[in-house]
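The values are calculated or read from the model by the stated rules, or taken from the named source; none is laboratory data. Just so it is clear, the structure is predicted and the values come from calculations on it, not from any experiment. Cβ atoms come from the backbone with ideal geometry, glycine included; neighbour counts cover every protein chain shown.
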Amino acid sequence: MYSVRKMCCVFVSPTLPTTGVQRADCMEYRELPGTNIRLSVIGFGCWAAGGQHWGNDASQDDFRAAISQALALGINWFDTAPLYGHGQADTLLADVLRTEHSDAFVVTKVGVRNAEGSRPVSDLSPAHIVSDTEASLKRLRLETIPLLLVHWPCDFGTPICESMTALESLKLSGKIRHYGVCNYPPVLLEQVLQCGNPVALQTPYSMIRREFEQQLRDVCMPKGADGWPRQKIGVLAYETLCRGLLTGKYGPDHRFGANDLRAHDGRFSGDWARKNLTFVDSLRPIANKLNVSLAALAVGWVCQMPGVTAALVGVKRPEQIRECVKSINLISFTELWHAIDRRIRRYASP
Ligand SMILES: NC(=O)c1ccc[n+]([C@@H]2O[C@H](COP(=O)([O-])OP(=O)(O)OC[C@H]3O[C@@H](n4cnc5c(N)ncnc54)[C@H](OP(=O)(O)O)[C@@H]3O)[C@@H](O)[C@H]2O)c1
């Protein structure tokens with residue numbers, strides 16, 4: 001019922017001799033509303049490249065190779081943040097883009113201040129927004145940041161309009177082209193839209209994490225006078241793999257190292273993990289029949305959901321991005337997504 005009838009993305013050219021990189025002959029691109037930017041429907045997340053919080057199983061060379069592989073597959077945007085390894089991810093990304101002579105879009109964040117001995121905080125005072133952005137420009141070796149996102153809402157009570165005015169000034173000075181926000185709930189996002197011109201929201205969204213559908217989607221894609229929803233700002237989904245849980249490789253007994261944030265993520269242990277795994281197991285026959293990985297199914301599901309502009313995946317090695325990109329083949333197969341939705345309703349509803 002959900003067999004793949006045509007393949008849009010064939011890995012035509014074999015491994016390139018010197019680099020081990022493989023090319024695909026197609027990628028899907030979508031317009032970021034309010035901009036002239038067309039983003040690949042899959043973006044590359046650089047958090048793990050910062051070298052903290054995601055275990056020790058990938059080297060700097062692995063990340064470099066993964067970024068090169070992503071570029072060859074047509075991925076044209078990379079998500080980073082000053083917080084990712086205190087700038088280590090930025091430096092690595094900038095190096096690889098320079099070596100590859102790539103003008104891919106760099107999406108980075110602003111606002112977070114590392115606090116000695118406690119969790120980082122979001123300082124959205126105009127002065128911090130400017131100094132944080134200038135530090136990112138230096139690390140990323142850019143004159144202009146294509147898309148700058150507020151990492152999370154302000155922890156210090158700076159009025160939203162003051163922060164938006166600072167972002168507008170950065171636009172006027174040419175230091176950024178566009179801005180947006182991450183992790184804003186619907187009410188705060190409405191306020192952001194009233195004072196500024198954000199073009200994107202970055203927010204978690206996966207088969208098993210669906211709060212985006214409750215009110216956020218309506219804010220990002222409100223109904224027009226004709227009753228049809230119109231995309232007002234772009235939506236860049238993250239946690240599309242639920243930190244790897246939807247790849248099916250982590251059972252409830254898996255133990256992560258102390259330097260892996262998943263060691264403290266309740267979704268990976270106990271009853272919660274068992275419920276998630278039952279759901280993931282229900283998808284295995286579909287993945288096997290289509291000869292794709294569970295990762296490709298999970299990413300494809302997000303990419304085809306209404307309101308989503310693009311899906312981020314956190315990647316450590318080239319083969320991981322090659323697997324995820326196979327999801328492009330699946331996006332238009334509506335019967336497939338109906339079959340998966342039945343399993344979500346049965347096994348993954350709250
Ligand atoms: N704005 C924000 O506040 C925010 C928050 C979180 C993340 N992000 C962005 O989103 C990106 C993705 O992070 P995420 O938290 O959303 O994680 P995710 O993409 O849901 O999961 C990433 C993890 O899944 C595993 N994986 C990836 N591809 C795979 C494949 N083909 N097969 C098997 N396993 C695979 C890898 O880890 P293992 O191999 O170790 O399992 C990888 O580190 C980050 O890098 C960052 O750019 C933004």
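Within the stretch 138-152, one or more residues are of a type in the set (A, V, I, L, M, F, W, C), more than 16 Å from the ligand (Cβ to nearest atom) and at pLDDT 95 or above.
On the basis of being part of a helix (DSSP H, G or I) and either modelled with pLDDT of 95 or more or within 23 Å of residue 44 (Cβ to Cβ) (or both), does residue 246 make the cut? Yes: the conditions hold for residue 246.
Taking each residue of the stretch 91-106 that is touching a residue at least 60 places away in the same chain (Cβ under 8 Å) and looking for partners that are β-branched (Val, Ile, Thr) with beta-carbon atoms closer than 9 Å, six or more apart or interchain, yields 105/37.
If you go through the stretch 289-306 and keep only what is within 18 Å of residue 342 (Cβ to Cβ), within 13 Å of the ligand (Cβ to nearest atom) and more than 15 Å from the chain's Cα centre (by Cα), you end up with 294, 297. Select, from 224, 266, 257, 196, the only residue that is of a type in the set (Gly, Ala, Ser), over 27 Å from residue 50 (Cβ atoms) and touching a helix residue (DSSP H, G or I) at 6+ places or on another chain (Cβ under 8 Å). One residue alone meets the criteria, 196.
The single condition among (1) touching a Ser or Thr at 6+ places or on another chain (Cβ under 9 Å); (2) buried (at least 23 other Cβ atoms within 10 Å of the Cβ) that residue 43 does not meet is (1). All but one of (1) within 9 Å of the ligand (Cβ to nearest atom); (2) more than 14 Å from the chain's Cα centre (by Cα); (3) crowded, with 22+ Cβ neighbours inside 10 Å; (4) polar (S, T, N, Q) hold for residue 240, so report the exception by its number. That leaves (2) as the condition not met.
Residues are listed down the side, and each one gets a yes or a no for (1) out of contact with any helix residue (DSSP H, G or I) (no Cβ under 9 Å at 6 or more places or on another chain); (2) in contact (Cβ under 8 Å) with a residue 40 or more places away in the chain:
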| position | (1), (2) |
| --- | --- |
| 121 | yes, no |
| 126 | no, yes |
| 133 | no, yes |
| 140 | no, yes |
| 143 | no, no |
| 146 | yes, yes |
| 153 | no, no |
| 158 | no, no |
| 172 | yes, no |
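Listed by first and then second residue, the pairs linking a residue in the stretch 248-265 that is under 20 Å from residue 281 (Cα atoms) to a residue that is part of a loop (DSSP other than H, G, I, E, B) and of a type in the set (Ser, Thr, Tyr), with Cβ atoms under 7 Å apart and 6 or more places separating them unless they lie on different chains, are 252/269. Of everything in the stretch 171-187 that is under 24 Å from the mean Cα position of the chain (by Cα) and more than 14 Å from the ligand (Cβ to nearest atom), the residue that is farthest from residue 35 (Cα to Cα) is 187.
Within the stretch 19-41, not a single residue is modelled with pLDDT of 95 or more, within 12 Å of the ligand (Cβ to nearest atom) and assigned to a strand (DSSP E or B).
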